[in-house]
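What follows is a short report on a single structure.
What follows is calculated from the coordinates using simple rules that are stated; it is not laboratory data. These numbers were taken from a predicted model, which means no experiment stands behind them. Backbone-built Cβ (ideal geometry, glycine too); neighbour counts: all protein chains shown.
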Amino acid sequence: MEKDKNQLKVNKRTFLTYISSRNGISYEEAERAYDMVTNALIEQVIRGFRVSLVGFGSYYAKLHRGHPVQFEGKAEQPTYQVFRFTPSSLLNKRLREEMNERQET
């Protein structure tokens, strides 16, 4: 894991290794499952759906209005879509509780 501005980071390989060891499956099985889930999620959002995973959060596309820019010779940025994630209240609560426990120890 790399440390950047007090935030630990996990890359895809490390994440899949963790999943495979924790669940008793091969790295390749973890990678296939990861690819299936992320590809399906992206496809649904591109089709205009909001994907809600109960207890985790929602993925969706959000429209950003264009705005003036002062670089690359452009006068205005056109309106564009961005991929968004909103965590569930349950996920936020769990994060707060676990972070508080770590700070107390």
- Anisotropy class of region 50-105 from Cα gyration tensor, a/c 1.5 cut: oblate
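Using 0.36 nm per residue, how much length does the chain from PHE56 to ALA33 gain when fully extended, once their Cα-Cα distance is taken away?
Values: separation 23, 0.36 × 23 = 8.28 nm, distance 1.74 nm.
Here the answer is 6.5 nm.
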- Query: Relative to the longest principal axis of the chain, what angle (0 to 90°, nearest 10) does the C-alpha long axis of helix 89-104 take?
  - Reply: 60
- Item | Listed residues SER21, LEU8, GLN44: farthest to the positive end of the dipole of region 1-48 (Cβ charges) | LEU8
- Message: So for the chain, if I pair up every lysine 8 or more residues apart or on another chain, how many of those pairs have alpha-carbons under 27 Å apart?
- Response: 9
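Go ahead and run the numbers for FRET between LYS9 and GLU76, Cβ-Cβ distance against an R0 of 35 Å, rounding to 0.05. Please report the intermediate quantities before stating the final value.
Details: r = 34 Å, r/R0 = 0.98.
Efficiency, rounded to the nearest 0.05: 0.50.
Counting Lys +1, Arg +1, Asp -1, Glu -1, what net charge surrounds ASN39 among other residues with beta carbon under 13 Å of its beta carbon? Present the calculation step by step, with values, prior to reporting the outcome.
On the way: positive: ARG32, ARG47; negative: GLU31, ASP35, GLU43.
It works out to a net charge of -1.
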- Item | Ratio of Rg to Rh over the chain (Cα coordinates, Kirkwood Rh, two decimals) | 1.07
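I'm checking a number: the convex hull volume of the Cα atoms of region 1-48, normalised per residue, in Å³. What is it? Before the final figure, lay out each step's value.
Values: hull volume 4.4 nm³, N = 48.
Here the figure is 91 Å³ per residue.
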- Relative to the first principal axis of the alpha-carbon coordinates of the chain, what is the inclination of helix 12-23, with its axis defined by its Cα atoms, in degrees from 0 to 90 and to the nearest 10? 40
